[in-house]
1. Run the numbers for residue 210 and residue 14: contour at 0.36 nm per residue of separation, minus the present Cα-Cα distance, in nm.
2. Of 175/210; 37/175; 59/218; 37/203; 175/218; 20/210, which sit over 28 Å apart, Cα to Cα?
3. Pull up all non-local amide H partners of residue 184: gap of 5 or more, or a different chain, and H-to-H distance under 5 Å with H placed in the peptide plane.
4. May I ask you to evaluate 6.51 cos²θ - 1.76 cosθ + 1.60, the Karplus curve with θ = phi - 60°, for each residue of segment 34-41 and list the ³J(HN,Hα) values in order in whole Hz, giving x for glycine and proline?
5. If you stretched the chain out fully between residue 39 and residue 226, how much longer would it get, using 0.36 nm times the residue separation minus the C-alpha to C-alpha distance?
6. As an exercise, identify the trypsin sites (Lys or Arg not before Pro) in segment 78-174 lying in DSSP coil whose Cβ has no more than 11 other Cβ atoms within 10 Å.
7. Based on the alpha carbons, how large is the Rg to Rh ratio for segment 58-166 when Rh follows Kirkwood?
8. Could you list 120, 148, 6, 25 in order of exposure, starting from the residue whose Cβ has the fewest other Cβ atoms within 10 Å?
Amino acid sequence: MYSFEYQRPTSRADATAAAKGDARYLAGGQSLVQAMKLRLSSSERLIDLGAIADLKGIKVDNAGVTIGAMTTHAAVALSADVRRAIPALAELAEGIADPMVRNMGTLGGSIANADPAADYPAALLGLGATVQTDRRSIAADSFFTGLYETALQPGELITAVSFPLVQRAAYIKFKQPASRFALVGVFVSQGAGGVRVAVTGAKSSAFRVKAMEDALAKSFTPDAVKSLAVPTTGINSDMHGSAAYRAAMITVMTQRAVAAAIAR
């Protein structure tokens, strides 16, 4: 690990004021710290957000579910309010990695890191969420821009994510057994804004499948997407699965997600 300066501010204002030059925010540290240990990442200054109380917490109202950026995966998974409002979101959080990661990793850290196989990006796209920062609101559809890339500007701080309520939703993933990251994960929802189908693990970043959304809008059943093939263009291919395999799994996981959503 390279040397760096460490700061632990107690307010958003102090955190953003420190985010100058070669500085990075430290959330749960489950990805960044490991990369730094391997010298795959470096920064002159780490700004630990763990002491900023108003970046944590869960609020549920008639508009939806708002989760603070520093809320852990475990807190989302265990929240009775989230389980009542959007049970699929709590179940997704419960399936992230292992207990240690769930108790340290945070929603804001996960989406800012934008790992191509992470679970939360599928939830953001699958529910049509909005990312709140210290500067603006960013629609989920515009947030993930590429491999480990987002629409965040230098020094911009994620403060919360707002998820609208939906009629029904489900997340199903085919996981890599060691890491529990998604080889292919699909989040499906049906609500006032229509049907959304979001995929993680298959490309350089999470994405939506419009053909499947259109088919499910006509008939929200597993059979509606059974014959739909996803093109292999841009699909990941590695030792865990070829592009053709992952493309086929998108259809299978979507069918299972729809079935799970209907069964609620």
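1. Taking residue 210 through residue 14 to full extension adds about 66.4 nm, to one decimal.
2. Numbers: 175/210 23 Å; 37/175 25 Å; 59/218 33 Å; 37/203 26 Å; 175/218 30 Å; 20/210 40 Å.
Beyond 28 Å between Cα atoms: 59/218; 175/218; 20/210.
3. 174
4. 5, 5, 5, 4, 7, 6, 8, 9
5. Full extension from residue 39 to residue 226 adds 62.9 nm.
6. Details: sites: 83, 84, 102, 135, 136, 168, 173; in loops: 135, 136.
For trypsin sites (Lys or Arg not before Pro) across segment 78-174 that sit outside H, G, I, E and B with at most 11 neighbouring Cβ atoms in 10 Å, the list reads 136.
7. Working: Rg = 12.7 Å, Rh = 13.7 Å.
When Rh is taken as the Kirkwood radius, the ratio is 0.93.
8. Working: 120 29, 148 14, 6 9, 25 24.
Final ranking by Cβ density, sparse to dense: 6, 148, 25, 120.
Read-outs throughout are calculated quantities, based only on the coordinates presented, and are distinct from any laboratory measurement. None of these values were measured; they are calculated from a predicted model. All Cβ positions, even for glycine, are placed from backbone atoms using ideal geometry, and neighbour counts span all protein chains on display.
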